[in-house]
Every structure is written in structure tokens, then in C-alpha cells.
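The values are calculated or read from the model by the stated rules, or taken from the named source; none is laboratory data. Just so you know, these numbers come straight off a predicted model, no measurement behind them. Ideal geometry is used to build each Cβ from the backbone, glycine not excepted, and the neighbour counts take in all protein chains shown.
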Amino acid sequence: MTRNRSRKDKIRTRQQVTGESYAEAARKINARRRPIEELLRDAAEGVRAVSVDDTLATVQAAWTALCAIGAAGEVLALCADPDDYPPRWLLAEPILAEAISSLRALPSLRGNNTEANPAGGPDDDIDEETADLICRELTEAADTLAAVLPQAAKHARTKAIRRACRLAADPPAT
């Protein structure tokens with residue numbers, strides 16, 4: 001509780017000194033919170049960087065990417081054009097949930113959380129240019145997963161990992 005109070009005090013102080021909005025000051029104070037497009041880009045790069053021979057590292061990188069994709073979908077649904085993005089998210093969410101549950105069933109990922117920590121919040125509006133950038137990064141991360149996970153499935157030693165990689169790469173439509 002004290003740490004959170006201290007962080008809020010730092011944000012308010014920066015806000016008073018710089019004249020920034022609370023959200024802008026919070027983004028700059030908390031280095032762990034970054035724009036969602038950066039989280040997506042890093043997640044896609046992380047998936048591309050691992051060797052498909054190392055199934056555990058590939059699955060963990062895929063997990064990070066799936067969490068970032070889920071956070072991006074939520075951010076777009078909450079903060080972007082309300083006529084466009086929430087319906088898209090309603091269609092995509094069950095497919096993403098199936099991919100996440102297939103990986104989460106693996107013993108090596110059972111303790112991992114599904115949190116991504118993007119900067120901003122529900123009160124922040126995303127302009128069309130930023131929303132398009134997020135969509136492009138989200139698509140790139142999803143395409144990277146779809147390309148890498150089937151290759152990792154070929155190198156997996158257990159049937160459960162092969163199945164999870166295939167399902168996460170191409171989950172069945174629900």
C-alpha cells in the first residue's frame with residue numbers, strides 16, 4: 001500500500017511540475033508500463049528470437065505474446081472507436097481464450113499470470129492513427145505465433161506440448 005501511495009505522489013508531483021495529464025505523467029513515472037504497441041512488438045520479436053528447437057522457451061514466448069494480444073484487444077475495445085473495435089473484440093476474444101487455455105494447460109506455464117501492463121487506462125481515448133498502429137502490431141504478433149508455433153510443435157517431445165502449440169497457433173472457432 002505504501003509503494004502505491006508513493007507512486008501516486010510521484011505522479012501528482014510530476015503532473016504539477018510539467019502540466020501533463022495524470023495519465024501522461026503516470027506513463028513516464030512507471031517504466032514498467034509502456035504503450036501496448038511496444039508490448040506487442042517486443043512480444044513478436046521475442047517469439048521470433050527463440051529457437052523452435054527449444055520448445056519450452058518458444059511456449060513461454062508465445063504465452064507472453066498471447067497475453068499482449070489479449071491486452072491489446074481489451075485496450076482497443078475500451079479506448080478506441082466504440083463502433084468498430086468492441087464488436088471485433090467480441091468476435092476475437094473466444095478464439096484467443098481457446099489459445100490461452102490450450103497453453104495454460106501445460107505444466108510449464110501453470111504458474112504464469114495472464115497480465116500485461118499497458119500504459120494508460122479506460123479513460124484514455126485512442127485516436128484512429130494509434131488504433132491502426134496497435135492493430136498492425138497485433139496482427140504481426142498473431143502472424144508470428146501462427147508461423148512459429150507449428151514449427152515448435154514438430155520439435156516438441158510430448159504430445160501435450162505438440163497439441164497445445166498447434167491449438168494456440170490455429171485455435172478452432174467457437
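Observations, loosely collected:
- Given (1) small (Gly, Ala, Ser); (2) surrounded by fewer than 18 Cβ atoms within 10 Å (Cβ to Cβ); (3) at pLDDT 90 or above, index of the condition residue 160 fails: (3)
- Residue in segment 47-60 that is under 9 Å from the mean Cα position of the chain (by Cα) and without any contact (Cβ under 8 Å) to a residue 60 or more places away in the chain present: no
- Count of segment 27-45 residues which are modelled with pLDDT of 75 or more and over 12 Å from the mean Cα position of the chain (by Cα): 1
- Residue match in segment 81-99 (condition: modelled with pLDDT of 85 or more and within 21 Å of residue 130 (Cβ to Cβ)): no
- The single condition among (1) within 16 Å of the chain's Cα centre (by Cα); (2) among the charged types (D, E, K, R); (3) modelled with pLDDT under 80 that residue 110 does not meet is (1).
- Among (1) in a helix (DSSP H, G or I); (2) touching a helix residue (DSSP H, G or I) at 6+ places or on another chain (Cβ under 8 Å) - the single one residue 51 does not satisfy: (1)
- In segment 72-91, the residues that are in a helix (DSSP H, G or I), in contact with a helix residue (DSSP H, G or I) (Cβ under 6 Å, 6 or more places away or on another chain) and surrounded by 18 or more Cβ atoms within 10 Å (Cβ to Cβ): 72, 73, 75, 76, 77, 85, 89
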